[in-house]
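What follows is a set of notes on a single structure, which appears directly below.
The values are calculated or read from the model by the stated rules, or taken from the named source; none is laboratory data. All values reported here derive from a predicted model rather than from experimental measurement. Neighbour counts are summed over all protein chains in view; Cβ atoms, including those assigned to glycine, are modelled from backbone coordinates with ideal geometry.
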Amino acid sequence: MSDVTERTDEAAAVFGDVDVVRKIIHVDMDAFYASVEQRDDPDLRGKPVAVGGSAARGVVAAASYEARQYGVHSAMASVTAKRRCPDLIFVKPRFEVYRAVSAQIRTVFAEHTDLIEPLSLDEAYLDVTENKQGIAIATTLAQTIRDRIKAVTGLNASAGISYNKFLAKMASDLNKPNGQAVITPAMGPRFVAELPVKKFHGVGPATAAKMARLGIATGADLREKSLGFLQANFGKSGGWYYRIARGIDHRAVEPSRERKSVGAEDTFSDDIFDIAPATAEIKALAEKVWRHCEAKDLTGRTVTLKVKYADFRQITRARTLPAALRNAAELEQWANALLATVFPFEKGVRLLGVTVSSLEQRSGDAPSDTQLVLWREP
């Protein structure tokens, strides 16, 4: 493993003594929601399709590959998507169908391994180091799983195969759609070195911009920075960046991982000071969070607003409701009520986040008797 870990005295505290070579597959369905709609409605096949929103309002939850050719993508405002693709067809989401198809896919996974870590309805990590079919070569097994998904659901899946989760996730994007790629232990460090950091899974635009200001454009640049430097500039994330710059990720596939909250946040390219752009952002975040809740058949009773100022000071405001949220509009309403308690802002705001916790399974659309009230932390 010397070609992978490149252990040094500095790295020893970060890497520990873990020396396990795993076989990890990351399976990611291709344009899942849109592909289900095209499968079930022949008139949509070969056409640009957006799931969610409408031509006048809302945001795109998913886009077909035909739509992506016009630059349409998930989380894009519907009006922007329609402007980019005038022939775009909007389809209302059918989450009960997506959940049913997802269950079929997970049944296929379970035919091969019990070590399955779902990330969403359409993607999961599989640890196939030891698998039920006794298939020794992980790339062969990935192809078998993809073929089986196609036979059962009629849908295409892509896959990434590697010795850890980070690289398996990166590999699954290399040959999309309907393809797969492998990154071996010998390939890992070089692959990371040549990759722009802005393409790293988990490195958002704001972090990539900060890295650029520090002279870090590629994995090779990141690898040149010491652990101390990265921790000083990125806090707890510094150790993570130090490891992945060397192709190292010791996280195990966690089949029993329980989600405690669903949240989303956004860092602005320019600090915001006014309520209008803040409420516009709250709307987009609330819709994004609620899409994730619907996809997992979840709701929640606690809404948390996160505000990070230009000086990186961070505050949160939260409200636990007497009844669970019913829809994105309610989430947006409560988040805006929390926002009102911190406006006018003390200084420019660089990040806003919305989170739902105290999660529970959705129980239908029973009326809610909650009343919206402004609330401030004591």
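Output the residue which, of all residues in the stretch 228-247 that are outside any helix (DSSP H, G or I) and touching a residue at least 24 places away in the same chain (Cβ under 8 Å), is surrounded by the most Cβ atoms within 10 Å (Cβ to Cβ).
GLY247
Taking VAL307, is it within 30 Å of GLU117 (Cα to Cα) and crowded, with 19+ Cβ neighbours inside 10 Å?
no
Grab the helices (runs of 4 or more DSSP H) fully contained in the stretch 124-223, keeping just those with 2 or more residues being closer than 22 Å to ALA103 by Cβ and of a type in the set (D, E, K, R).
Qualifying helices (runs of 4 or more DSSP H): 138-153.
What is the residue count in the stretch 16-47 for residues that are of a type in the set (Asp, Glu), in a loop (DSSP other than H, G, I, E, B), closer than 21 Å to LEU167 by Cβ and modelled with pLDDT of 95 or more?
1
Filter the stretch 70-95 for residues that are closer than 15 Å to PHE32 by Cα, in a loop (DSSP other than H, G, I, E, B) and in contact with a Gly (Cβ under 9 Å, 6 or more places away or on another chain) and give the result.
SER74, LYS92, PRO93
Condition (residue is assigned to a loop (DSSP other than H, G, I, E, B), crowded, with 20+ Cβ neighbours inside 10 Å and not aromatic (Phe, Trp, Tyr)) applied to the stretch 96-112: is it met by at least one residue?
Yes, some residue in the stretch 96-112 is assigned to a loop (DSSP other than H, G, I, E, B), crowded, with 20+ Cβ neighbours inside 10 Å and not aromatic (Phe, Trp, Tyr).
Tell me which of these GLU294 doesn't satisfy, since it passes every other one: (1) among the charged types (D, E, K, R); (2) over 20 Å from PHE95 (Cα atoms); (3) in contact with a helix residue (DSSP H, G or I) (Cβ under 6 Å, 6 or more places away or on another chain).
Among (1) among the charged types (D, E, K, R); (2) over 20 Å from PHE95 (Cα atoms); (3) in contact with a helix residue (DSSP H, G or I) (Cβ under 6 Å, 6 or more places away or on another chain), the lone unmet condition for GLU294 is (2).
Which residue pairs have Cβ atoms closer than 6 Å, lie 6 or more positions apart in sequence or on different chains, and pair a first residue in the stretch 72-93 that is hydroxyl-bearing (Ser, Thr, Tyr) with a second residue that is surrounded by fewer than 20 Cβ atoms within 10 Å (Cβ to Cβ)?
SER78/SER54; SER78/GLY58
Specify which of the listed residues (ALA151, ALA168, ALA181, ALA193) is under 26 Å from HIS250 (Cβ atoms) and surrounded by fewer than 18 Cβ atoms within 10 Å (Cβ to Cβ).
Answer to the selection: ALA193.
Please specify each residue of the stretch 291-346 satisfying the condition of being in a helix (DSSP H, G or I) and of a type in the set (Lys, Arg).
Correct list: ARG291 only.
Can you tell me which residues in the stretch 252-283 are surrounded by 13 or more Cβ atoms within 10 Å (Cβ to Cβ) and in a loop (DSSP other than H, G, I, E, B)?
ALA252, VAL253, GLU254, PRO255, PHE273, listed by residue number.
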